[in-house]
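Written out below as structure tokens is the structure these notes cover.
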Amino acid sequence: MGRHAATPAARRPAPLTPQVLIALAVAAMVLLAGGITWWAVGAGSGNCDGTAVVRVAVAPELAPVAEQVLTDAEGLRPEDCASAQVTAQEPVQTVGDLGALDAGDLPHLWVPDSSLWPARAGHAALETAGSVATSPVVLATSRAAVDALGWTAEAPGWGAALVSEQGIAVPDLATSAEALAALGAVRTSLGGGEDADNAVVQAVLAAERGPSVSPADALAAGGEGAADAPLVPVSEQEVWAANADAEDPQLVAVYPEEGSPGLDYPLVRVGTASATDAAVVDAAVRALTSDAARSAVTEAGFRDADGTAPPGAEAAGIREAAPRSLQLDPAEVQGLLAQLSELAAPSRILTVFDISTSMEAPAGDGTRATLARDAAKSTLTLVPGNFALGLWFFAAELDGERDWTEVVPTRQLEAEVEGTVQRDLLDEELDTIPDRLSPGGTGLYDTTLDAVRAARSDFDPRAVNSVLVVTDGTNEDSGGVDLDELLATLRSEADPDRPIKVIGVALGPDADLGALERIADVTGGAAYSAVDPTDLQTVLFDALRQR
């Protein structure tokens, strides 16, 4: 998925508890710019005045299929003077884009993994035009675990499975429709209401008491046949893909008795296409819902819209027959997430952005500065109102001898300041990033120390308090503290009653990742690298989800 993990030196925190993950499902602090892989297919040639391009954003696991289907599709061939641009993008990132970017920067078509995502897109103009693929949500574990649990002959219900002693590895609810669907399935299978809500809470708390293991590690344990492999809510296609190259597949899908909610991969029209674009958009819709598309999705381990299984289903650890469909109401899932968010503390984050002149360097279709602006604005559309966010900008000697300036004090996003909501204040100031670039260098060390001190003095014991520093350079303020002084001061001033984690993001190849790693070590935070600036969205998203 293009995601860059924290470097080993950063001592990336252990996987978050389900409580925090659930809060993040509502919070989803997404500073987006991409994590994007894209293909251009059917480029125009011949006597074309120009090439009409249909932009298609697709869930990463389905993107290669979309690229295959749209290559040389009718209406998108060179002689048609048309092409398709396929972007592999996490659905939650597209949700953020829909709330922040201009129409010309949005896809014409969007294929997320689940209809739960369009339901989170607020007032965006969306219209579903069919389904490209389906994949039931299952619980993955090892054959040995299924045998030991007695589930070979009779599958458990959703509620019983999620409170079993097997342990659960809950995917990040900020990005995983499968995990959301699994919790929604517990509630739906029990008929809804207060008792069902209590069962969901019980499942979450049971998962928290279980072993701290990532979904990737849990799937690996299942693939190795470990009898204690935790249950992981995943799509059936992920089980198929994990077993595709295995000689003796040990990972299997468990289908709870009430049925399975499904990932429906809806084909969604975004906005209203112009007369020029309408023909190529329609051509892409036809291609993605064609017989050729149905064949391509089953060959990739998905089921088609009618539930037809992929080839070699049983050998790949999944069933030939589609499970009974367990329908979820997206609005009820949203309500459930709002209730569950109360189980976790909100975030209080001081965000600090580099505005030195090196941010003028080209990145994607703009500069690093415009990239940072768009990423932060997209994030803001997804952060809940009870989270607190502040904003600093920094460069060497930006404000007299001081390397930073406070643009917006840290306050809850729903707070009103002189008639303007904090969220809107931040949005307005983020717009100014490209115009604020300073001729000074990068005042990294003094700014980091002052930001940690400011966050500690403004500490909220009810929240997770942190400082996020985004920089594309190295410290260039010779008049301030050096790195050893900074680290020694951070150690001496650390307060276990008011911990402040520093999360550093190195943007581009010139950023001092090594320094950010050492700062992260001292503060218990993490350091991330976005060598390719177009990965900034995904890197920042990962960083902030760790809190």
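All of the numbers you see were taken from the coordinates with simple rules; none came from a lab. For clarity, every value in this text was computed on a predicted model and none was experimentally measured. Positions of Cβ are backbone-derived with ideal geometry, glycine not excepted, and every protein chain shown enters the neighbour counts.
Quick one: length gained pulling residue 48 to residue 415 fully straight, 0.36 nm per residue minus the C-alpha distance?
Full extension from residue 48 to residue 415 adds 126.8 nm.
Convert 10 °C to kelvin, take the viscosity as 1.306 mPa s, use the Kirkwood radius over C-alpha pairs of segment 354-500 as Rh, and evaluate the Stokes-Einstein diffusion coefficient in µm²/s, rounded to a whole number. Mind dumping the intermediate values first?
Numbers: Rh = 16.3 Å.
Calculated translational D: 98 µm²/s.
Starting at the first residue of segment 483-489, write each ³J(HN,Hα) from the Karplus equation 6.51 cos²θ - 1.76 cosθ + 1.60 with θ = phi - 60°, in whole Hz, x for Gly and Pro.
For segment 483-489, the Karplus curve yields 5, 4, 5, 4, 5, 5, 5 Hz.
Would you mind checking segment 85-112 for residues with the amide N under 20 Å from a putative spin-label position 7 Å along Cα→C-beta of residue 427?
What the label zone holds, given the 20 Å backbone N cut-off, is 92-107.
Could you compute Rg(Cα) / (2.2 N^0.38 Å) for segment 463-532, with N its residue count?
Here the Cα radius of gyration is 1.12 times the empirical estimate.
Starting from the amide H of residue 441, placed 1.01 Å from N in the peptide plane, find each other amide H under 5 Å away whose residue is 5 or more places distant or on another chain.
Residues meeting the criterion, in which the H sits 1.01 Å from N, are 396.
Can you list the HN-Hα couplings for segment 287-298, worked out from phi with the Karplus curve (6.51, -1.76, 1.60; θ = phi - 60°), rounded to whole Hz and with x for Gly and Pro?
Couplings: 5, 6, 10, 7, 4, 4, 5, 4, 5, 5, 5, 5 Hz.
Report the gain in length on full extension from residue 247 to residue 325: 0.36 nm times residue separation, minus Cα-Cα distance, nm rounded to one decimal.
Contour length minus Cα-Cα distance gives 25.0 nm.
Loop-only check: which chymotrypsin sites (Phe, Trp or Tyr not before Pro) in segment 370-462 are DSSP coil with at most 16 other Cβ within 10 angstrom? The partial results should precede the final answer.
Working: sites: 387, 392, 393, 394, 404, 445, 459; in loops: 387, 459.
For chymotrypsin sites (Phe, Trp or Tyr not before Pro) across segment 370-462 that sit outside H, G, I, E and B with at most 16 neighbouring Cβ atoms in 10 Å, the list reads 459.
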